[in-house]
Each structure stands twice: as structure tokens, then as C-alpha cells.
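A quick write-up on the structure given underneath.
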Amino acid sequence: METSPHPFASLSPARVVAAVESLGVWLPGEPFTLNSYENRVYLVHDDERRRWVVKFYRPERWSDARIQEEHDFLAELDEAGVAVAAPWRNDEGVSLHRAEGFRFALFPGLPGQAPELENPAHLFALGELIGAVHAVGERGRFVHRGVMDLDEMVLEARERVLASAWLGSRQREAYARVTAALHERLADHAWPAERAIRVHGDCHIGNILGRDAHFALVDFDDCLMAPAVQDLWMLITAEHAEERHMQLSEVMEGYEEHREFDRRELALMEPLRTLRLLRHSAWLVARWEDPAFPAAFPWLADEGYWDGQIRSLEQQRQVLEREPRWLA
């Protein structure tokens, strides 16, 4: 049976150029595709040699209101002097644009490289940047964006994988068993919604660009209401206790230049790591009809991937039962 082409299949280079030029920004060259799967993102240069990043939002993922909250939060951060890429607005103040059925936004292209998480100066600067974001983030609340709910998110990811055809009967039984145990364990780590603040939501090093310990945060596509540690835990990567303490100390020192950090949130670091493990495989399953995903993640179809995923989840279950690694 024939399947309908994915909506992004019609997003040709010519259509990308036409969409950007409809805003009055003239492009003498072709767009360069950037590494993005959830949306489609391109680097372009205008006729004055300025760099722009144009993001086409995945159809039917976010409502207009949710996207606008992302843009308005970025504008608020930019006005406060925080290093972010705020979307371009036209003379009417519009930042979310439309072309041939797609919604898109134009952002200034920021130069730089990802930070080095073993470099104390970089860690301090990252803590300072995220602290500045959160100092603004706690001044208001999202209305249309989600609130992080460990219980709901774990169940959603678990059910999506179990409802798919990827697992064999042995794997399905093992996956169901370990994820049920993780769900029960994570139930002890609920964070009160009223203590959540506006955060970036996906603060890995691929979304941080800069040079010489001066960094900017990009791609707020997953911003939501969550505990502050959601934007910090991915910066603590070291395996050895002494190095972990160094990373945490530098990040906290920088962070508290702008905002006090509630140390109780550190207990959420491993639960959040667990949640990301679960949600990543569920995300791949959910997006498999997008041709970009089989091309980029062919190993999802391998039995070995799911065996490895089950082992990783089992190891994470054991981690959750021990003293947190950042304290060890």
C-alpha cells in the first residue's frame, strides 16, 4: 500500500529561499542544511553577508500559541541582555511566519563551537549563562507550554515503545519489566509544579555555541516549566567522583552569580537522566515515518539496539537505587 509523502518532503531548497525572501531578506546563495531532525533548520546568508538560521517547524507538533511563547521568552531574555538567538520580527512585530503551509522563523546565525565540559572556565561560563536564563525564567510562567511531569512522561514513553512492533516477545517482556520498575522508582521524585520555572528544556552542548568562555544558548524548541536542574544535569558528565565534583562546583559557582540554586534539586539528576533515556527511544519510534529518521538512525531496526537499550535501563535502575553519582 502506498503511503503519503512526509510533509517535509516538499521543502525543497527553492521553497526555503522563497519563504525567507518573502520576508524581504534576499539570499544570493543556496541554503545549507543543519543537523536537526525534529524540525528542518537551514543556514543562509543574505545579500549583506549576514548569517541567518531559518527554522521550519514540524507540522502539527506545537500549536501557534506554544511557538509564540518560545519566541516571546527569547525576546524577554534578549531584552534582559542574556546571550540567546531571539527570532527576527517584521515591522508589525510578527516572529512566526507562514509559507506554503509551513510555519517558520528566522534567527540570527551565531558563530562558535560547543563548550568543553572538562574546562573549568567553560563550566563556570555555562553556569553563569543558565543562571541568567533562569533569573528571567522565574519572573513569569508559561501558559501554553507544558509542565515537566516525570510520571506522565515516563508512562507516555513506555507505552509508545510497548505499542510499537520493534520489540520481540523476549525483549517486550524485559522492557516492560524494567520500565515498570523505573516508573515505580521515579514516582518518589515528583517535583511540585508550583516550584517549576521557565527553562530551556534541552540544554545539551549541541545547543550551546561560543568561543573563549563566552557562550550563547540556542534552540528553545523544547522550553517548558521544569525544575532548574533540567538545564544543568547534562553538563555533569565525568565518570570519576573528583571530576564530577569539579564540574558541579564550577557550574554552581557560575549559576549563583545570577540566581540561588535549590540544592534539593540535585536529587533529580539521575531521574532526569533516566527520563531522557526512555524518551529518546520513544521519540525515534514516534518519528520513524519521517524519512530523515531511518536514514540517520538505521540501527533502531536492529535487535541489538533494543537489547542494549534494555541493559542501559537496567543499569540506570541500579544507579537509582544507590547514592547519586554526583555525591559519590
Worksheet, complete the sentence: Each label sits 7 Å from Cα toward the beta-carbon; between residue 63 and residue 96 the label points are separated, in nm, by 1.0
Discussion item. Based only on other Cβ atoms within 10 Å, what is the fewest-to-most ordering of 236, 205?
Written reply: 205, 236
Worksheet item: Residue by residue, what Karplus-based ³J(HN,Hα) values in Hz, rounded to whole numbers, does the stretch 256-267 have, using 6.51, -1.76 and 1.60 with θ = phi - 60° and x for Gly and Pro?
Response: 7, 5, 10, 7, 5, 9, 7, 4, 4, 5, 4, 5
Response to the item:
Expressed to one decimal in nm², the mean projection of the alpha carbon convex hull of the stretch 161-244 is 9.0
Fill in: Förster radius 51 Å - calculated FRET efficiency between residue 49 and residue 193 (Cβ-Cβ, nearest 0.05)
0.65
Worksheet item: Quick one: net charge of residue 294's neighbours, Cβ under 14 Å, K/R +1, D/E -1?
Response: -2
Worksheet item: Could you give P(r) for the stretch 120-320, binned at 10 Å from zero, as whole percent values over all Cα-Cα pairs?
Response: 8, 32, 34, 22, 5, 0
Worksheet item: Relative contact order for the stretch 7-108 using alpha-carbon pairs under 8 Å, separation at least 6, rounded to a whole percent?
Response: 22
Item to complete: Would you work out which of 104, 20, 32 lies farthest towards the positive end of the dipole of the stretch 7-108? Charges go on Cβ: Lys and Arg +1, Asp and Glu -1.
Response: 32
Fill in: Taking the chain and dividing mean pair separation by its residue count, relative contact order in percent (alpha carbons under 8 Å, at least six apart)
19
Worksheet item: If you place +1 on the Cβ of every Lys and Arg and -1 on the Cβ of every Asp and Glu, how big does the dipole about the Cα centre of the stretch 120-320 come out, in debye to the nearest 20?
Response: 440
Fill in: the stretch 7-108 shape via C-alpha gyration tensor axes, a/c threshold 1.5
oblate
Fill in: Extreme residue, positive dipole direction of the chain, given options 313, 133, 299 (C-beta unit charges)
299
Worksheet, complete the sentence: Placing each pseudo-label 7 Å from Cα in the direction of the beta carbon, residue 23 and residue 80 end up separated by a distance in nanometres of 2.4
Item to complete: Could you check what % of the DSSP bridge pairs in the stretch 126-267 are antiparallel, to the nearest 5?
Response: 90
Worksheet, complete the sentence: Given 292-302, 151-161, the highest-first ranking by average Cβ count within 10 Å works out to 151-161, 292-302
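Here, each number is a calculation from the coordinates, and none is a lab measurement. Keep in mind that what you see is a predicted model, and the values were worked out from it rather than measured. Cβ coordinates were reconstructed from backbone atoms using ideal geometry, including for glycine residues, and neighbour counts include every protein chain displayed.
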